[in-house]
1. Which of the residues that make up segment A:130-153 are part of a strand (DSSP E or B), of a type in the set (A, V, I, L, M, F, W, C) and within 14 Å of chain B (Cβ to nearest Cβ)?
2. Would you be able to say whether some residue in segment B:78-86 is of a type in the set (Ser, Thr, Tyr), within 26 Å of residue B:43 (Cα to Cα) and buried (at least 23 other Cβ atoms within 10 Å of the Cβ)?
3. Regarding residue B:164, is this residue within 15 Å of the chain's Cα centre (by Cα) and over 24 Å from residue B:31 (Cα atoms)?
4. If you check B:81, B:15, which single one turns out to be closer than 23 Å to residue B:174 by Cβ and either of a type outside the set (Asp, Glu) or in contact with a helix residue (DSSP H, G or I) (Cβ under 8 Å, 6 or more places away or on another chain) (or both)?
5. Looking at segment A:90-104, is at least one residue modelled with pLDDT under 95 and in contact with a helix residue (DSSP H, G or I) (Cβ under 6 Å, 6 or more places away or on another chain)?
6. Can you tell me which residue is farthest from the other protein chains (Cβ to nearest Cβ) among those in segment B:151-179 that are of a type in the set (Val, Ile, Thr) and in a strand (DSSP E or B)?
7. For segment B:31-72, what are the residues that are in a loop (DSSP other than H, G, I, E, B) and under 18 Å from residue B:239 (Cβ atoms)?
Amino acid sequence: MIAVVDYGFGNVRSLWNALDFLGAEAEITRDPEDFDTADRIVLPGVGAFGDAIAAIRELGLEKPLTRHALETRKPMFGICLGMQLFANHSAEHGGHDGLGWIDAHVDRICPKDRDVKVPQVGWNTLQVKGAEWLFSGLPAQQNDVYFVHSYHMLCTDSHDLAATTNHGGLVTAAISRGNLTATQFHPEKSQDNGLRILQNWLEHDFDA
Amino acid sequence: MLKKRIIPKFLVHGGRLIKGVRFTENWREAGNPVSTARVYDSYGVDEMIFVDIDATPNGGVVDGRIIERVSEEVFMPFTVGGGVTKLEQIEKLLAQGADKVCLTTAALRDPGFVTRAAQRFGDQCIVVNIDYSDTPEGRQVFAACGGEATKHTAFDWALRMEDAHAGEIMITSIDRDGSMSGYDLDLIHRLSERLEKPLIASSGAGSLDHCRQALDAGASAITISSMFIFSDHSPIKVRSYLSSNGLNVRSQTGSRS
């Protein structure tokens, strides 16, 4: 079973629909006991960083999620704001501490070119830097995925970087470190390419 | 590089899609929202927008059942609008599968609502739409589906909504709606130069070249309604025309193709 974490800040239904379409048994839940029985956990997220991390803490989810991220080492997938929560810290709205699973901080996208608009909204091309398994089967010249964000994650260890995109400068698009995978873009909203990425994650053997 | 977006915009009335001219005339039936969404998804359009035009006049909110059905069928981003005035309504629409919410009248009645919504759901989630019409006052902004004149002009209101933390600004010319006579290029040009946030140009598309003109004028995205519904121009044709004219557009097809 795939646990889709529902803490009030995610498009949980869209994600559930995509996982269901791919044949995965997914459950929308905020019950830590479900995290224990789940094979994998997805942390979605749409909204403001500070409110989201506060909700995770208030609901008592930080401890059980962190245990699975760092100790039981369950495969976990963060999406958009869910990805950013993996970081140590975000500069959004005055600054907030994150879950600290990945040595990274979250900062606003600062394009050098005034014609480049923030938030980045729309389809952009991926440059794959690592974790090739996550992108296998994507058409090489047409690997666009859907982004909608103003902030992105900057990893301290460049080995954690799985893909970037260009939006007036390099923007972190995906990361991968052991059992932890995350994308700034929305695979559940990226049509064929996104479904393929989700499928690749579902099929990847993290113990190998 | 980020692609320019092509967005079909659908008006929902009584659970069906309709399309008229200048918000008031010549309404025509335009199909079932869910099956239409599926068709446009298969064309690989970049996003979709659904606006429930019954909602504000009837004091209701956009029909969430349609949103749920669409989100079950297509794995692509879509925006919904119509009668949204409360944070709880936005939360519900997002939970039902919408990615962004479009505010028109609510932003005019209470500009602070845009800011509160952006703080709660992130700027990127809030699209402010501006309905305007050419009057002796200039490009005058209207509330309530064109039924209520305001003191604002479109240009100034767009800048004010950007400051209020709208994630994107959509401009809809009531005079051009359904006319298929071309976008308001002058306003697109002036606004896209000033705005730091993406500008969505809406209303007026009638030919492939109209689409090119609006994107060349600086719009990040264009919406298309009548041209898709009542002419033989498909999104595939639009995309290939734009691409052969040097515009950076996506070339994939949709979910489960």
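1. Start the filter on segment A:130-153 by keeping residues that are part of a strand (DSSP E or B), which leaves A:145-149, A:151-153.
Remaining after also requiring of a type in the set (A, V, I, L, M, F, W, C): A:145, A:147-148, A:153.
Within segment A:130-153, A:145, A:147, A:148 meet the criteria.
2. Yes: one or more hits.
3. Here the answer is no, as residue B:164 does not meet what is asked.
4. On the way: B:15 fails: closer than 23 Å to residue B:174 by Cβ.
Result: B:81 is the single residue among B:81, B:15 that is closer than 23 Å to residue B:174 by Cβ and either of a type outside the set (Asp, Glu) or in contact with a helix residue (DSSP H, G or I) (Cβ under 8 Å, 6 or more places away or on another chain) (or both).
5. The answer is yes, given that some residue of segment A:90-104 is modelled with pLDDT under 95 and in contact with a helix residue (DSSP H, G or I) (Cβ under 6 Å, 6 or more places away or on another chain).
6. So the residue we want is B:153.
7. B:43, B:44, B:45, B:46, B:47
Yes/no matrix, rows are residues, columns are (1) over 15 Å from the mean Cα position of the chain (by Cα); (2) more than 30 Å from residue B:69 (Cβ to Cβ); (3) within 14 Å of chain B (Cβ to nearest Cβ); (4) surrounded by fewer than 19 Cβ atoms within 10 Å (Cβ to Cβ):
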| position | (1), (2), (3), (4) |
| --- | --- |
| A:4 | no, no, yes, no |
| A:10 | no, no, yes, no |
| A:77 | no, no, no, no |
| A:93 | yes, yes, yes, yes |
| A:102 | no, yes, no, no |
| A:105 | no, yes, no, yes |
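The values are calculated or read from the model by the stated rules, or taken from the named source; none is laboratory data. Since the model is a prediction, treat every value here as computed from it, not as a measurement. Neighbour counts are summed over all protein chains in view; Cβ atoms, including those assigned to glycine, are modelled from backbone coordinates with ideal geometry.
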